[in-house]
Amino acid sequence: MFEKNGYQIVRKALSKELTSFCCNALKVRKEALERMIKEDCKEAENKVNGTMGDPQAPDSFSIYSDTTIETLSLLLKPIIEKTTKKKLVPTYTYARVYKKGEVLWPHKDRHACEYSITLALGGDKWPIYMDGTELNLNAGDLAVYKGCEIAHWRNEFKGKECVQCFLHYNEINEKALPYDLRPYIATPVTTKKIRNLDEEYGKDSK
């Protein structure tokens with residue numbers, strides 16, 4: 001199915017226990033940042049702790065390279081390789097705790113998201129669309145898709161809260177961007193090497 005459509009659902013990729021752990025870990029990160037902001041802590045400005053909003057989801061907690069989610073990308077890599085039939089290297093992860101009213105407009109992703117995963121961790125269900133096809137994921141389910149080729153989006157979120165994470169990989173070849181040009185997995189975005197990726201692989205869409 002993946003080779004034909006460019007996407008595929010993998011049901012129950014995570015156990016209930018691990019899904020719950022990852023979901024709660026992200027909610028703890030969100031609540032910690034909210035408390036730091038409330039208490040006017042300087043550390044609230046450190047992006048390692050996440051942000052309350054980004055250009056795609058301005059009202060929701062977001063975090064790049066959370067250690068728990070980065071470790072999850074290593075754990076799930078064999079499943080993703082089996083689904084895509086490719087040898088892969090992790091690039092980066094991202095996670096959000098979405099609030100009601102968010103919309104993810106149709107888009108394609110940058111080269112680091114050649115093979116992407118959206119993984120439902122908890123909260124209310126929120127369908128994702130792949131080239132117009134609605135995919136519904138339960139907690140612990142994931143969808144693998146070709147992030148640079150398949151237009152994907154979500155309509156307005158009507159629920160209260162939705163916890164999702166995104167795992168990204170490249171095929172291992174001369175164009176791969178291991179760890180998103182960071183020195184190693186789980187290191188922050190500020191450690192990225194500087195390269196003109198727009199000219200090499202197209203404008204960054206995330």
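So, of the residues in the range 29-52 that are assigned to a helix (DSSP H, G or I) and among the β-branched types (Val, Ile, Thr), which turns out to be farthest from the chain's Cα centre (by Cα)?
37
Looking only at residues that are part of a loop (DSSP other than H, G, I, E, B), of a type outside the set (Gly, Ala, Ser) and farther than 23 Å from residue 92 by Cα in the range 139-163, which one is least open to solvent (accessible area, probe 1.4 Å)?
So the residue we want is 157.
Does residue 119 satisfy being aliphatic (A, V, I, L, M), crowded, with 21+ Cβ neighbours inside 10 Å and assigned to a loop (DSSP other than H, G, I, E, B)?
Answer is no for this residue.
Going by the conditions given, is residue 29 touching a strand residue (DSSP E or B) at 6+ places or on another chain (Cβ under 7 Å) and touching a residue at least 12 places away in the same chain (Cβ under 8 Å)?
yes
Quick one: is residue 131 among the acidic types (Asp, Glu) and either open to solvent by less than 30 Å² (accessible area, probe 1.4 Å) or closer than 20 Å to residue 161 by Cβ (or both)?
No.
Does residue 51 satisfy being polar (S, T, N, Q) and open to solvent by less than 50 Å² (accessible area, probe 1.4 Å)?
yes
Restricting to the range 73-89, count the residues that are in contact (Cβ under 8 Å) with a residue 40 or more places away in the chain and either assigned to a loop (DSSP other than H, G, I, E, B) or under 16 Å from residue 8 (Cβ atoms) (or both).
10
Of all residues in the range 58-76, how many are open to solvent by 50 Å² or more (accessible area, probe 1.4 Å) and either in contact with a helix residue (DSSP H, G or I) (Cβ under 8 Å, 6 or more places away or on another chain) or closer than 20 Å to residue 184 by Cα (or both)?
Here the count works out to 4.
Determine if the range 105-112 includes at least one residue that is open to solvent by 10 Å² or more (accessible area, probe 1.4 Å), over 13 Å from residue 147 (Cβ atoms) and among the charged types (D, E, K, R).
no
The values are calculated or read from the model by the stated rules, or taken from the named source; none is laboratory data. These numbers come from a predicted model, not from an experiment. Glycine also receives a Cβ, built like all others from the backbone with ideal geometry; neighbour counts cover every protein chain displayed. Surface areas here come from the heavy atoms of the whole protein model, side chains and all, with no ligands, DNA or RNA. Shrake-Rupley method; radii C 1.70, N 1.55, O 1.52, S 1.80 Å.
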